[in-house]
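Each remark here refers to the structure printed beneath this line.
The values are calculated or read from the model by the stated rules, or taken from the named source; none is laboratory data. Every value quoted in this text rests on a predicted model; they were computed, and no experiment measured them. Don't worry about glycine lacking a Cβ; one is built from the backbone with ideal geometry, like all the others, and counts go over all protein chains shown. Protein only, heavy atoms only, side chains kept; ligands, DNA and RNA dropped before computing areas. Shrake-Rupley method; radii C 1.70, N 1.55, O 1.52, S 1.80 Å.
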Amino acid sequence: MKTTIQYLRKFILVFMILGIASSHSFAQDDDNKGPILPETGDWSISFNAVPLLDFALNAVNIMDNTGSNAQHPGFTEGYNQVITGKYFIDESTAYRVRFGFNTSRDSETVFNSLTNVDGDLVDYENVTTEASSLIAVGMGYEKRRGRNRLQGFFGGEGLAGLQRSKESVDFGNEFSQQNNTPAGSQRQLETKDGTTTFFGVRGFIGVEYFFARKMSIGAEFGMGLTLANNGRGSVTEERFEDDGFGNMVSVEETIDGNSKSRTISTQMDDGSGMNMGLGSAALNLNFHF
């Protein structure tokens, strides 16, 4: 249900923006005031418009959050954005460079209690944190068709990126005799996945509508082939054991994984996320200079 509402909101956003842009364009824009479409030597920058538009809807209390708690652009448990730059070598051909950055961090706190050796009930909390990051770049070649405000485009690009993730737990109850920790107890403090590096190629096709001079809104879809190398991860453990002198102590040890892997995959990105590291946004804003 939540996913359906999110898609519905995005469709409403698209129609609202296109409607406002079109009315403004036909009322005020005049081709004689300057070129509307990109020209030879122009530069452009494109970015995901959905977070900004969601924020605008939230601020006026449409369907979801209200203005009092509206999320700022990019807010959630993480941040997901792709920026594309283009250089037009002629009116229908452009080189493009893409940069993607995706980071997330999620924490969960669990409250508990224990009885220590003095018979006192002690409250404590365990905090589990999951974090991940991805950085990716791409370079490509784009061709365009269309004579008026509606432009179609297609092309290909190469991709490369790096991804990391880990999970850590901050335990509020220390391993100690005071806390009645049983001898031989052990627990995981941190789990790191191996660093993943990936390389790929991607074909894409899309459409842009120029609602004003050198400003457009558009969408893009693509399909690509990716080779990913997954490195060895590691686990940090804590144990409660005898130190060899008759004392029970807490000992931490990091153990590296004993395997790594390589995967080859093909997939289609629907413009909704960081597919292949650089999947396009569901809705892009484009500015040409």
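Couple of notes before you dig in:
- Contour minus Cα-Cα distance for residue 263 and residue 111 (0.36 nm per residue): 50.7 nm
- For the range 80-222, the solvent-accessible area with a 1.4 angstrom probe is 54 square angstrom per residue.
- In plain terms, the chain from residue 241 to residue 195 could stretch by 13.4 nm, reckoned as 0.36 nm per residue minus the Cα-Cα distance.
- For the range 142-191 versus the range 239-266, the spacing of their alpha-carbon centroids is 21 Å.
- Cα convex hull of the range 77-176, projected area averaged across orientations, nm²: 9.5
- Segment residue 251-residue 104, length gained on full extension (0.36 nm per residue, minus Cα span): 49.9 nm
- Magnitude of the charge dipole for the range 156-289, about its Cα centre and with charges confined to Cβ atoms of Lys, Arg (+1) and Asp, Glu (-1), is about 880 debye.
- The range 117-169 - percent of accessible surface contributed by carbon and sulfur, probe 1.4 Å: 51
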